[in-house]
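Accompanying notes for the structure given below.
The values are calculated or read from the model by the stated rules, or taken from the named source; none is laboratory data. Source: prediction; values computed, not measured. Cβ sites come from the backbone with ideal geometry, for glycine too, and all protein chains shown count toward neighbours. Quick note on the areas: whole protein, heavy atoms, side chains included, nothing else; ligands and nucleic acids left out. Shrake-Rupley method; radii C 1.70, N 1.55, O 1.52, S 1.80 Å.
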Amino acid sequence: MKTGIATVSIAGDFATKLGAIAAAGFDGIEIFEQDFLASDLSPRAAGQMVRDHGLEVLLFQPFRDFEGLPAPLRARAFTRARRKFALMNELGTDLMLICSSVHPQALGGIDRAADDLAELGAIAAEYGVRVGYEALAWGRHVDDHRDAWEIVRRADHPHIGLILDSYHTLARGIDPESIRRIPGEKIFFVQLADAPAIRMDLLYLSRHFRSMPGEGDLDVPAFMRAVMATGYDGPLSLEVFNDQFRAGLPRLVALDGHRALINLMDGLRRAAPELSVDLPAMPAPAPVERVEFIEFVTSPGEAPRIEALLQSLGFRLTGQHVSKSVRRFQQNGVNILINTEQQGYAHAAFLSHGTCVSEIAVVVPDARQTFARGKALLAEPFGDGPNPGELDIPALRGVGGSLLRLLDDHSDLAHLWEVDFTPLAPADTGAGLMAVDHISQTMPFDEMLSWTQFYTAIFKGHKAPMVDVADPEGLVRSQAVKSGALRVTLNGAEARRTLATRFLADSFGAATQHIAFACEDIFATARILSDKGFAVLPIGANYYDDLDARYDLPAELLERLKAGHILFDQDEDGQFFQLYSRPFGDGLFIEIIQRTGRYDGYGAPNAPFRIAAQARLGTPVTIPKR
Ligand code: MG
Ligand code: MG
C-alpha cells in the first residue's frame, strides 16, 4: 500500500511541504499545480527535489474544464493538455487528474465526454502518461462517480481511467457500494478525505472543512471496503483542504495524515479480514479500564498549597515514592501524585509549563500491547529509565508533551504501588470522590483534531459531536472522546482573549486544564468539602433563576443547588450535577460531578456560567503568544 498526500494539504513553501511529508513517512505526493507554480523551480528541479526527499510524484493535479467543450474552446483544451503532459514528463510523473468540468459552456452527454477522453488517451499515450477522470460533487454535468465511470468505460482507452475521491462520493450521499462493480485496474488513483456532518454548500465544505479520515463524520471505511473489493492496489492518498491545516504546523498535519491512513487500513483489516491489507501487524485497539493516577508537577514552594487543596477535597497522603520527591494522595480509587523533583522529565515539564498535569496513567488490558499500537500509529514513545528495582512503565507523549502512562492488571505493571511507593497511611473514603470522570485538555484549535485522532486511533473508543462553548470573550470548541473509563474533553481555543486562550498563554501551550472527579451524592460530598474548608467557585444567583425557568425544579432542590453553588443539567437520559474549585496554578481547576441515569454529557450549557464565574475572580489577563 503506497501512501500519498496532496501538497495542498500542508502549509508552507514547496520545500517545507516536502520535508514534512517525507518526515511523516509517506511514499509520495500529489503535486498540486499551484504549489509547483508558486515555487519558482524548473519542472525538472522540482521533480528532483521530490525524489531527493525519498518521495515519488504519484499524481499531477488538477486539470480542470476539459471535457464537453464546443469549438474553438475544445481545441484549446487539447493544446493545454499537451503542454501539461510535457510538464509531467519533466516533473517525472505519469498520472494526471482531470476533474469533471464546471465550465459554463461545457456541454453534457456521456458519449461526448467519452469521445473527448478517448481522443485525449491517444495523446497521453504519445507522452507515456495516463489520465484519471474524477467526478466533482459540484461538476456541471458530471457530479457522481457512477457517471464518471460510465464515461471512462465508454472511452475504453488503456490510458484513461477513473479517480475516486471519498469526499465527492460520500458528501453527496452516494452509496459507496456502487464502487464494487468497477474493475480495480480501471481505478487509477484513490483520494481520501473526511468532512464534518454540517449542512452547507458542498464546494464550500470541501474547500474549507475537509479533514483526515476519522476526523469527520463520513463513512470513509465503507468507501475503502468497496474500493478494496474491486482489487484496487494503487496508492491511497489524502487530499484535504482545510483552513486549519493550511495554517497548521506542517509536520503535525503530515503526521496526523499518515496516522489516519494507518488507522483506517488497520480498522479495515479488522472489519474485513478477507481483504488483503498490506500493513505491518499491530495490536488491536483496547478500551481504557480506569484512570489509575494523575500526576501534577509543581515547585517545592507551591506544593503545600496544592496539597492543601487536595486535602480540602478529601484526599489523604498515603505514600511516598521510594527514590523521587513524589507523594501519593488517595481517596477511594483515585490517586493523585504531587511531583516536586528538581531534575529529569518532571522538572523539565515544570520549567516549561509551570504547575501542570505532567502524567496521566491509564489501565488497559495489556499495557505493552497498547504501547506497541501507539508506536505503530506514530505516537512518540517516552523512556525516562527507571532506577534499578523500579518499574519501567511504558509511556507515550501526550498533549503538550505530557505523558500518557500505560498500566495493566496482569503483568509486573500491576505492582506499581507496592514496588515504587512506601506506604504512609491507609486510604479512606474522603469526600466520596470515587473516580476520575473526565480530563479536560485545552489546546490551540488546530491541535484539537490531531489529539482527537490520537485518542480514538490508539484506544478503542469514539468521539461525541463537537460542541461550541461560549466564552464571554469568544468561542471555544469542545470535542469529547471516550474510551471505556477514559473520558477526555478537548477544547480548541481560537479567539484571542478567551479564558482557554489565556490558559494556553499562561501554561505555555496545550495542557490539561481541569480534572473532574465523580461522586455518588454531590450534596453529601459538598457538605464534607465545606467542612474541610474547600473553596467552591461561587455561581451567581441569575444562573439559578434561569435554571428554575428552564426546568421547573422543585423549590427545595433549587435551594440546595444554589446553596452549594452546584450547576445542573439534564437531558432525556438523566441528570448531571457539577461544582468547581477556584482556579489554582496557572488557571487549573477541579470539577466534581454526579451523573444520574445514562446522562453522558459534560454540562456544556453550563460552561458559559462557569467561565463567567471564573472571570469574575479575576484570572490574570496575559497576551497569548499565538
Ligand atoms: Mg479529489
Ligand atoms: Mg468538565
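For this structure, a couple of remarks:
Quick grid of which residues meet (1) surrounded by 23 or more Cβ atoms within 10 Å (Cβ to Cβ); (2) within 14 Å of ligand 1 (Cβ to nearest atom); (3) closer than 29 Å to Leu117 by Cα; (4) free of Cβ contacts under 8 Å to residues at least 60 places away in the same chain:
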{"site": "Glu185", "(1), (2), (3), (4)": "no, no, yes, yes"}
{"site": "Pro196", "(1), (2), (3), (4)": "no, no, no, no"}
{"site": "Met200", "(1), (2), (3), (4)": "no, no, no, yes"}
{"site": "Phe241", "(1), (2), (3), (4)": "no, yes, yes, no"}
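- Evaluated against (1) touching a residue at least 24 places away in the same chain (Cβ under 8 Å); (2) within 24 Å of Phe26 (Cα to Cα), Trp138 falls short on exactly one condition, (2).
- Residues satisfying the criterion are absent from the stretch 133-146 (criterion: over 26 Å from Pro196 (Cα atoms), open to solvent by less than 10 Å² (accessible area, probe 1.4 Å), assigned by TED's automatic domain parsing to the domain that holds Ala229 and within 16 Å of ligand 1 (Cβ to nearest atom)).
- Of the strands (runs of 3 or more DSSP E) lying entirely inside the stretch 396-503, the ones with 1 or more residues being modelled with pLDDT of 90 or more and either more than 16 Å from ligand 1 (Cβ to nearest atom) or within 29 Å of Ser530 (Cβ to Cβ) (or both) are found at 403-407, 421-423, 433-444, 474-483, 486-493.
- Here Phe589, Phe568 are screened, and the one residue that is under 30 Å from His462 (Cβ atoms), touching a residue at least 60 places away in the same chain (Cβ under 8 Å) and either away from ligand 1 (no atom under 16 Å from the Cβ) or open to solvent by less than 60 Å² (accessible area, probe 1.4 Å) (or both) is Phe589.
- The one condition in (1) within 16 Å of ligand 1 (Cβ to nearest atom); (2) in contact (Cβ under 8 Å) with a residue 12 or more places away in the chain; (3) over 30 Å from Glu359 (Cα atoms); (4) part of a helix (DSSP H, G or I) that Leu268 fails to fulfil: (1)
- Of all the listed residues (Pro394, Pro365, Pro423, Pro381), the sole one being farther than 27 Å from Met265 by Cβ and not acidic (Asp, Glu) is Pro423.
- With respect to being within 29 Å of Leu261 (Cβ to Cβ) and open to solvent by 10 Å² or more (accessible area, probe 1.4 Å), Val190 falls outside the description.
Condition check ((1) part of a helix (DSSP H, G or I); (2) within 16 Å of ligand 2 (Cβ to nearest atom); (3) at pLDDT 95 or above; (4) more than 30 Å from Phe445 (Cβ to Cβ)) across all residues:
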| position | (1), (2), (3), (4) |
| --- | --- |
| Arg550 | yes, no, no, no |
| Phe568 | no, yes, yes, no |
| Gln575 | no, yes, yes, yes |
| Asp586 | no, no, no, no |
| Glu591 | no, yes, yes, no |
| Arg610 | yes, yes, no, no |
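- Counting the residues of the stretch 367-399 that are in contact with a strand residue (DSSP E or B) (Cβ under 6 Å, 6 or more places away or on another chain) and either among the aromatic types (Phe, Trp, Tyr) or open to solvent by less than 30 Å² (accessible area, probe 1.4 Å) (or both) gives 12.
- Every pair of residues 6+ apart whose Cβ atoms lie under 9 Å, when the first sits in the stretch 210-239 and is closer than 15 Å to Ser276 by Cα while the second is of a type in the set (Val, Ile, Thr) and surrounded by fewer than 20 Cβ atoms within 10 Å (Cβ to Cβ): Met228/Val277
- Summed over the stretch 321-366, the residues that are in a loop (DSSP other than H, G, I, E, B) and either more than 20 Å from Leu406 (Cα to Cα) or open to solvent by 10 Å² or more (accessible area, probe 1.4 Å) (or both) give a count of 14.
- At least 1 residues being within 24 Å of the chain's Cα centre (by Cα) is the threshold, and among the strands (runs of 3 or more DSSP E) wholly inside the stretch 123-215 those reaching it are 160-165, 187-192.
- One residue stands out among those in the stretch 509-537 that are within 14 Å of ligand 2 (Cβ to nearest atom) and of a type in the set (Gly, Ala, Ser): the one that is most open to solvent (accessible area, probe 1.4 Å), which is Ala518.
- Of residues in the stretch 202-216 being surrounded by 13 or more Cβ atoms within 10 Å (Cβ to Cβ) and hydroxyl-bearing (Ser, Thr, Tyr), the one nearest to ligand 2 (Cβ to nearest atom): Ser211
- Selected residue (only one of Ala113, Ala118 is more than 13 Å from ligand 1 (Cβ to nearest atom), small (Gly, Ala, Ser), surrounded by fewer than 21 Cβ atoms within 10 Å (Cβ to Cβ) and assigned by TED's automatic domain parsing to the domain that holds Arg74): Ala118
- Index of the failed condition, Ala303 passing every other in (1) aliphatic (A, V, I, L, M); (2) surrounded by fewer than 20 Cβ atoms within 10 Å (Cβ to Cβ); (3) at pLDDT below 95: (3)
- Filtered residues of the stretch 158-181 (kept if surrounded by fewer than 18 Cβ atoms within 10 Å (Cβ to Cβ) and either of a type in the set (A, V, I, L, M) or more than 16 Å from ligand 1 (Cβ to nearest atom) (or both)): Pro158, Gly173, Asp175, Glu177, Ser178, Arg180, Arg181
- Residue satisfying all of: in the stretch 266-282; open to solvent by 30 Å² or more (accessible area, probe 1.4 Å) and of a type in the set (Gly, Ala, Ser); modelled with the highest pLDDT among these: Gly267
- Taking the numbered list (1) over 30 Å from Arg154 (Cβ atoms); (2) touching a Pro at 6+ places or on another chain (Cβ under 7 Å); (3) hydrophobic (A, V, I, L, M, F, W, C) in turn, Leu58 passes all entries but (1).
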